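The values are calculated or read from the model by the stated rules, or taken from the named source; none is laboratory data. Here the structure is a predicted model, which is why all the values come from computation and not from measurement. Neighbour counts are summed over all protein chains in view; Cβ atoms, including those assigned to glycine, are modelled from backbone coordinates with ideal geometry. When the accessible area is computed, the model is the full protein with side chains, heavy atoms only, and any ligands, DNA or RNA have been set aside. Shrake-Rupley method; radii C 1.70, N 1.55, O 1.52, S 1.80 Å.
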Amino acid sequence: MKTGSASIDIAADWIRNCSKLFVLTGAGVSKESGIPTFRDAQEGLWADYNAEDLATPEGFLKDPPLVWQWYDWRRKKVQDVQPNPGHFALTEIEQIVPNFTLVTQNVDGLHRRAGSQNLIEIHGSILLFKCFDRGHEQKEIAFDLKVPPHCQCGSMVRPSVVWFGEAIPEKALKQSYDAAENCDVVLVVGTSGLVHPAASLPFLAKRTGAKIIEVNPNKTELTEGCDLFLAGPSGEILPKIVAGLKSKV
Ligand code: OAD
């Protein structure tokens with residue numbers, strides 16, 4: 001595996017010459033917007049509670065106000081921040097590469113706000129709501145409610161995100177598999193690679209011959225299987241890749 005600053009040029013070359021680019025992002029891409037990642041020991045989103053309490057159907061049923069207020073806090077935080085240069089760089093790459101799919105595990109909506117078009121939010125969106133029992137979509141929901149509101153059908157309302165133990169919506173999963181299997185370069189950005197099936201997508205692509213580029217300040221579960229590791233924050237590395245792409249267009 002290659003590392004180091006000359007690798008930015010290699011990454012730009014691979015992306016420039018690829019016919020289909022598949023991008024997978026995780027919480028790290030939003031860190032420079034001011035949103036904590038999940039597993040950061042000090043300030044991570046699970047710092048005071050664990051994922052079972054906050055991000056499972058069982059956790060929600062056990063303590064609906066706790067889960068509701070946690071998501072309300074995150075939705076406010078997301079509203080108060082802006083996409084960062086990493087998000088915008090991915091939007092620019094989409095404009096340069098003819099065939100581009102971005103799969104994000106993030107529920108914060110920042111890729112969409114930065115202008116990404118061919119985007120699959122594989123874990124849903126914190127900005128959308130549905131009812132717990134039947135999945136009825138909900139219109140706008142006010143901030144600062146202390147308990148979940150109810151759907152017309154009587155069920156509690158919940159955020160439209162994928163919790164642990166829940167299946168990824170079939171359409172989003174199929175589109176993600178198709179895009180991964182048909183690409184020739186994968187760019188993996190800011191994910192620990194611990195949550196499947198998202199974390200398996202780069203390796204589906206690798207089975208069909210794709211090269212994998214990883215951008216992350218730290219090595220991850222995925223690094224060993226990657227072809228190129230670009231160490232650093234995505235808000236710095238991705239704009240450099242864009243500059244590399246533009247320098248030879
Ligand atoms: P994690 O919190 O597990 O990992 C964040 C990754 O971002 C780590 O590998 C960090 O090294 C990296 N990172 C930190 N700062 C960065 C920066 N400035 N630029 C680039 N990378 C940076 O978050 P995810 O991998 O997204 O699922 O977590 C995957 C899923 O687990 C989430 O979608 C969520 C969570 O539980 C559900 O809620 C279902």
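Laid out as a table, the results:
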| quantity | calculated |
| --- | --- |
| Number of the exception - residue 52 against (1) in the same structural domain as residue 115 (by TED's automatic domain parsing); (2) within 12 Å of the ligand (Cβ to nearest atom) | (1) |
| Strands (runs of 3 or more DSSP E) contained in segment 88-157 and holding at least 1 residues free of Cβ contacts under 8 Å to residues at least 40 places away in the same chain and either within 30 Å of residue 184 (Cβ to Cβ) or touching a Leu at 6+ places or on another chain (Cβ under 8 Å) (or both) | 119-121, 124-131 |
| Qualifying positions in segment 204-223 - within 14 Å of the ligand (Cβ to nearest atom) and surrounded by fewer than 18 Cβ atoms within 10 Å (Cβ to Cβ) | 217, 218, 219, 221, 223 |
| Test: residue 115 is small (Gly, Ala, Ser), surrounded by fewer than 17 Cβ atoms within 10 Å (Cβ to Cβ) and away from the ligand (no atom under 13 Å from the Cβ) | yes |
| Boolean, residue 61 is surrounded by fewer than 16 Cβ atoms within 10 Å (Cβ to Cβ) and either closer than 16 Å to residue 105 by Cβ or not acidic (Asp, Glu) (or both) | yes |
| Among (1) open to solvent by 60 Å² or more (accessible area, probe 1.4 Å); (2) under 17 Å from residue 60 (Cβ atoms), the one test that residue 175 misses | (2) |
| Helices (runs of 4 or more DSSP H) within segment 1-82 that include 1 or more residues closer than 21 Å to residue 220 by Cα | 6-17, 28-31, 51-54 |
